[in-house]
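Below you'll find the structure, written out as structure tokens, and then a few comments.
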Amino acid sequence: MQEQLQDTDIIRAVLQGRKADYAILVGRYQSFVFTITSRYIKNREEAEEVAQDIFVKAYLSLAGFKGNSKFSTWLYSITHTTCISHLRKHKPNTLLIDNDKLVVYSDSQYHSTNVPAGTGTQKQAINEALKQLPDDDAEIITLFYLAEQSIEEIAVITGLQTNNVKVKLYRARQKLKDIIEHTYGKEAALLYRN
Amino acid sequence: MKPQEEKDFKQLFSSLEPEQPSMRFTKNVMDSIEGLPVAKVSKNYVNPWIVKGIAAMLIVAIVVLCIYTYTSADNFSMPGTDILGKLSGKAIPYFIGGNIIMILLLAERWITGKNRINNLAKK
């Protein structure tokens, strides 16, 4: 029964006072919000805290959701701006890397020519490759392939022009492909086909 | 991107699942919003006509002030504003044209931004 409820129905119920229904929305989108947040904030506990703050912000602004877009697009917009704000406030002491240069650092655990069989470690391999992408590239890849947002929706979420999103997505895919091929060499093809 | 590469990427991510937060995530969120009211939409407690009225009053006041100042003063000139006078005759149309182009670009960007969100709703 809960899966049949549309997001707009749940929002209407929450605005009418049924606060407990908000838990349905949280349960529905928590993994995607957490994943997108993790693209920016590498520390898991910190990412989870920020993701919780995002849902609190969304709850407080729920009356402002006009229904012009999908609820997920609106929620991911809040996610994007919150992550950017968080990073600005808590800027780590790291060396800035030119995003145009692909920086691949080898970890002896993953710099292996053997692509392990089994989907669990393959997912881990892909996740590790995604972590090596710049934050905004990893976010766009996540929004497009995992969260299944369209180019236009990603443009709204990130505030970029549609053409910019297409170019960034293309470049992000190329970088990801380079990372996978650099890490796994010839066995990279196994990642695609398994 | 080549179709095969696109297909490979889709296959690559088809097996990927989003990361899961801790089991207490939903409970933590619900505990955080406990006692917090949902913010009312501003249009419910701020009459838009009041906002438009104040804006109109300000614009009218500025226009009246400008007209009165220019008509009542002889050889009126404000210091530092004689920009057009410093330009040569040929440069003035380009200067005005450049400003018009910038205004049109800003207006186009603003309208495009609004339409982008409205188009998402139509899909």
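List of remarks:
- Largest to smallest in accessible area, the residues A:126, A:84 fall in the order A:84, A:126 (1.4 Å probe, all protein chains included).
- Shielding by partners for peptide B:107-113, expressed as the average number of C-beta atoms from other protein chains within 10 Å of each residue's C-beta, is 1.
- Burial order of peptide ranges B:59-67, A:47-55 (average beta-carbon count within 10 Å, highest first): A:47-55, B:59-67
- Counting only other chain Cβ atoms within 10 Å of each residue's Cβ, the peptide A:8-21 averages 1.
- Modelled spin-label separation between residue A:182 and residue A:170, with each label point placed 7 Å from Cα along the Cα-to-Cβ direction: 2.1 nm.
- Shielding by other protein chains, B:26-37, mean Cβ within 10 Å: 6
- Listing of the range B:6-23 residues, each with accessible area lower by at least 40 Å² in the full protein assembly than in the chain alone (probe 1.4 Å): B:8, B:9, B:11, B:12, B:13, B:15, B:16, B:18, B:19, B:20, B:21
- With the highest mean first, a sort of the peptides A:70-81, B:95-106 on other beta-carbon atoms found within 10 angstrom per residue produces A:70-81, B:95-106.
- Distance in nm between pseudo-label sites at residue A:16 and residue B:51 (7 Å out along the Cβ direction from Cα): 2.8
- Pairing chain B with chain A buries about 4200 Å² of accessible area. This figure sums both sides and uses a 1.4 Å probe.
- Nearby aspartates and glutamates by direct alpha-carbon distance to residue A:91 (threshold 14 angstrom, same-chain neighbours under 8 apart not counted): A:46, A:135
- Across A:19/A:70; A:57/B:27; A:66/B:27; A:66/A:168; A:175/B:10; A:166/B:7, pairs whose alpha-carbon gap is larger than 22 Å: A:66/B:27; A:66/A:168
- Counting only protein heavy atoms and a probe of 1.4 Å, the accessible surface of the range A:1-79 is 48% carbon and sulfur.
The values are calculated or read from the model by the stated rules, or taken from the named source; none is laboratory data. Remember, it's a predicted structure, so these values are computed and weren't measured experimentally. Every residue, glycine as well, gets a Cβ built from its backbone with ideal geometry; the counts of neighbours run over all protein chains shown. Keep in mind that these areas ignore ligands, DNA and RNA; they rest on the heavy atoms of the full protein, side chains included. Shrake-Rupley method; radii C 1.70, N 1.55, O 1.52, S 1.80 Å.
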